[in-house]
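Taking it in order: structure first as structure tokens, then the write-up.
What follows draws every value from the coordinates through simple rules; no lab data is involved. Note that the structure is predicted; figures quoted are calculated from it, not measured. Please note: Cβ atoms are built from the backbone with ideal geometry, for glycine as well, and neighbour counts cover all protein chains shown.
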Amino acid sequence: MPDDHVAVVHLLAALNDSSATIEDIDALVSADVSLSYRLLRYFNSAFFALPQKVDSIRRALIFFGVDLLRQWVSLLVMANISTKPKVLMQNALVRARMCAELAKLMNRPDPDSYFTVGLFSVLDALLDTPMAVIVESLPLSVEIVDALVNHSGDRGAALCCVCAYERGQWAKVAYAGVDRAVIGQAYLRSIEWAFDAASGL
């Protein structure tokens, strides 16, 4: 894996460490001037339409919370891999939103973890490295790892459903008994959301 890709994995690992405090995340992001600038510019874009300006990483942490900030910083870190087509990040955003939508439809307790599965599902393509190798360096839960590597568990089932819809494999579009028309509506909402989210990147 090239050095710049190793750096990406290390940063994602630090961001997703469940023991990291607000102070840890603040220090990590603030240490990277370029990342801090892009993150603040993104948070102050029309996509978020915040009632007041976010002018520091600490303020962003207080406003969004650690978990949500982890997601958005991870997104920006991944989007910064400039050698890859932008469609990969579009796919990541659609998958992330769609997985979270499916989780919410079934009242799953942790839809954010489904978002993470969808977002990270393109890491192997972004980094040209097998997913099983990448997740060894990331402090992810067993459920998320199983979903990413083996497409197993409920999160894996959600990801399989999203990927099947993405590829037009209609016979495989299924998740926990959710009506296929409802899945289709969720997919269209996810595409619209992803388009808006990507416009600020």
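For the chain, report the % of Cα-Cα distances exceeding 21 Å.
Values: 10344 of 20100 pairs.
Counting pairs separated by more than 21 Å, the tail of P(r) holds 51 percent.
Length gain on complete extension for the stretch GLN169 to ASP55, per 0.36 nm per residue less the alpha carbon to alpha carbon distance?
On the way: separation 114, 0.36 × 114 = 41.04 nm, distance 4.46 nm.
Stretched fully, the GLN169-ASP55 segment lengthens by 36.6 nm.
How long is the gain from SER34 to ALA13 if the chain were fully straight, where each residue apart is worth 0.36 nm and the alpha carbon distance is subtracted? Write out the running numbers ahead of the final one.
Details: separation 21, 0.36 × 21 = 7.56 nm, distance 1.87 nm.
5.7 nm is the gain from fully extending SER34 to ALA13.
Find which of VAL8, LEU28, ALA46 sits farthest along the positive direction of the dipole of the stretch 1-49, computed with +1 on the beta-carbon of Lys and Arg, -1 on that of Asp and Glu, about the Cα centre.
Farthest along the dipole direction, towards plus: ALA46.
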